[in-house]
Amino acid sequence: MNVEIPPQIRDSVAQLGAGAPYALKVLAGQLADDPDMGEVSGLPGILTVTLDGDLFEDCPGLAVGYIREADRIEIRYVNPVASSQPTAQDHSEDQSTQQRQPADEAGAVREIADAWHRITRWLEHNAPDSYDALRAGASPSDLAALEDGLGTRLPVELSVLWLLTGGDDGSNGWGSLPGNRALMNLDAAAATYRLKMDDQANQDILNTDRPDEELVTVWKPTWIPVVALGPADSTEGLYLDTATGRLGQWSRYNNASHEELDTLVTYLEETADMLEAPALAVRDKPGLIGRALVWLSSVSPEQEQRWRPWTG
């Protein structure tokens, strides 16, 4: 059984202690021999195993999450385990009362993971600066804290995406998604959600004096911000509606159409398709400026001489 450890995971583990990379290597060998040694976590499709840091010099206890496929294992996150920090198993207990549809959720996990892997693989090979700007995956406890802050459960596809990459810091202001939009980090998503909920609370006060046909909705509790206009520009972007599973447009100035677009899966799959087959791209065209991915729609007149279209 092949055990894959993505480069960003290796980099983050190296920051946890001098002995942590070796400990992870040992665990990878154990997983190769016994791929089912992990326990089911609260995140569909993710197995988790706890590594005892006392067995290794200069290594904390580690919670390691992975996805097991027929012929390979991919490590998805590695986080230090603190005595006060809930583990993935704890999070699973919190969610045990929720009704789930295992087949549907397993399919969503696979589709998100496959699409995002295609995108990051392309970035790693062709736009390394953009690849390096992707954050390491969030931890299950980070996602649990976000859910508590929002007061709503995250859809499985969004949980999986943030487990893979906790946000996009951008390269020279360019995110990696079409239009050079950026996957939001958890703090930015929470801050935007609170801001928009406050906007709606103000509208609700005004709505008391409006006739039914003039009621204004600028935000719903089921809308979770996912994608921002840019790594440092959260004035507009895309939200994921947990009630419908579809993406919509939002704006800080409440002038977005809220038109339902793709699901998160189809949005990421189309992004991967445009990178891998740029000749067939319709919505936007990928290209490079130096070592960074820059989509054509974001190229300014001053940058036109430097921009090179990606032809595959």
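The values are calculated or read from the model by the stated rules, or taken from the named source; none is laboratory data. Quick caveat, the model's predicted, so the values are computed rather than measured. Here the Cβ is made from the backbone with ideal geometry for all residues, glycine too, and neighbour counts use every protein chain on show. Surface areas here come from the heavy atoms of the whole protein model, side chains and all, with no ligands, DNA or RNA. Shrake-Rupley method; radii C 1.70, N 1.55, O 1.52, S 1.80 Å.
For segment 173-187, taking the residues that are in contact (Cβ under 8 Å) with a residue 40 or more places away in the chain and part of a helix (DSSP H, G or I), the one that is surrounded by the most Cβ atoms within 10 Å (Cβ to Cβ) is identified as N180.
For segment 228-280, a residue qualifies if it is open to solvent by less than 10 Å² (accessible area, probe 1.4 Å) and of a type in the set (S, T, Y), and the qualifying residues are Y239, S251, T271. Just so you know, in segment 68-77 the residues that are modelled with pLDDT of 85 or more and buried (at least 19 other Cβ atoms within 10 Å of the Cβ) include one that is nearest to L158 (Cα to Cα), and it is I75.
The rows are residues; the columns are (1) more than 11 Å from R68 (Cα to Cα); (2) open to solvent by less than 80 Å² (accessible area, probe 1.4 Å); (3) at pLDDT 85 or above.
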residue: P7; (1), (2), (3): yes, yes, no
residue: D11; (1), (2), (3): yes, no, no
residue: Q15; (1), (2), (3): yes, no, no
residue: A18; (1), (2), (3): yes, no, yes
residue: Y22; (1), (2), (3): yes, no, yes
residue: V26; (1), (2), (3): yes, yes, yes
residue: P35; (1), (2), (3): no, yes, yes
residue: L43; (1), (2), (3): yes, yes, no
residue: D54; (1), (2), (3): yes, no, no
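Might you check whether a residue that is within 30 Å of P278 (Cα to Cα), open to solvent by 10 Å² or more (accessible area, probe 1.4 Å), of a type in the set (A, V, I, L, M, F, W, C) and in a strand (DSSP E or B) occurs anywhere in segment 158-172? Looking through segment 158-172, none of the residues is within 30 Å of P278 (Cα to Cα), open to solvent by 10 Å² or more (accessible area, probe 1.4 Å), of a type in the set (A, V, I, L, M, F, W, C) and in a strand (DSSP E or B).
Restricting the search to segment 279-296, which residues are more than 25 Å from W162 (Cα to Cα) and modelled with pLDDT under 95? Across segment 279-296, the qualifying residues are A279, L280, A281, V282.
Counting the residues of segment 107-125 that are within 15 Å of G170 (Cα to Cα) and either open to solvent by 20 Å² or more (accessible area, probe 1.4 Å) or aromatic (F, W, Y) (or both) gives 1.
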